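The values are calculated or read from the model by the stated rules, or taken from the named source; none is laboratory data. Predicted, not measured: the structure shown is a model, and the values here were computed from it. With ideal geometry, Cβ positions are generated from the backbone for all residues, glycine too; neighbour counts draw on all protein chains shown. Just the protein is used for accessible areas: all its heavy atoms, side chains included, with ligands, DNA and RNA removed. Shrake-Rupley method; radii C 1.70, N 1.55, O 1.52, S 1.80 Å.
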Amino acid sequence: MDTQTPSTQPKMLFVDDDVFFLDLYSRKAQQYNIDMKTANGAEEAFKKLDAGFVPDLFVVDLDMPNITGMEFIGELHKRGLTKTCYIVILTNKNDSYYAERSKEYMVDRYIVKATRVPSEVMEELLDLLKSGKKTPAVV
């Protein structure tokens with residue numbers, strides 16, 4: 001067995017208000033043997049977390065109603081949920097303002113949806129998990 005390969009199935013929580021992307025990435029996760037839960041918005045994501053799902057990685061869209069992606073990530077920090085997990089923003093905002101702002105939230109990757117096909121995104125997420133370079137977040 002490759003020592004780089006995790007012995008357990010990686011767990012992800014994909015948070016977006018676009019049902020098309022939730023479905024697309026859910027099917028992609030199955031192809032990559034990833035335990036991915038999806039949440040249609042931040043409120044649903046918090047319900048899954050409160051029910052005990054602990055992901056290794058969060059994938060978060062920025063544009064969501066009620067609670068934005070940045071607000072969601074801020075709440076994850078307050079709850080202490082990001083100390084050892086990765087945070088990836090997957091958004092259509094191809095704007096340096098948001099990319100720079102994501103650094104304030106200690107986001108591990110900022111990916112623009114339109115620049116990558118889903119299989120490339122999944123490969124990047126798996127590479128991030130395999131890197132083992134997550135440093136505990138201090139907020």
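List of remarks:
- Restricting attention to region 80-135 and to residues that are closer than 15 Å to Phe58 by Cβ and in contact with a Ser or Thr (Cβ under 8 Å, 6 or more places away or on another chain), the residue that is modelled with the lowest pLDDT turns out to be Lys134.
- Each residue in region 32-52 was checked for being open to solvent by 20 Å² or more (accessible area, probe 1.4 Å) and either on the phi > 0 side of the Ramachandran plot or touching a helix residue (DSSP H, G or I) at 6+ places or on another chain (Cβ under 6 Å) (or both), and 6 of them qualify.
- Flag if Glu75 is open to solvent by 70 Å² or more (accessible area, probe 1.4 Å) and assigned to a helix (DSSP H, G or I): no
- Flag if Ser96 is among the polar types (S, T, N, Q) and in contact with a helix residue (DSSP H, G or I) (Cβ under 9 Å, 6 or more places away or on another chain): no
- Taking each residue of region 12-28 that is over 21 Å from Phe46 (Cβ atoms) and looking for partners that are open to solvent by less than 20 Å² (accessible area, probe 1.4 Å) and of a type outside the set (Ser, Thr, Tyr) with beta-carbon atoms closer than 6 Å, six or more apart or interchain, yields Lys28/Met122.
- Tally, over region 53-73, of residues that are in contact (Cβ under 8 Å) with a residue 40 or more places away in the chain, of a type outside the set (D, E, K, R) and more than 22 Å from Leu126 (Cα to Cα): 3
- Any hit, region 37-44, residues being assigned to a loop (DSSP other than H, G, I, E, B) and within 22 Å of Glu123 (Cα to Cα): no
- Number of positions in region 78-105 that are closer than 21 Å to Leu129 by Cβ and buried (at least 16 other Cβ atoms within 10 Å of the Cβ): 11
- Among the residues making up region 84-110, those that are under 14 Å from the mean Cα position of the chain (by Cα) and among the charged types (D, E, K, R) are Asp108, Arg109.
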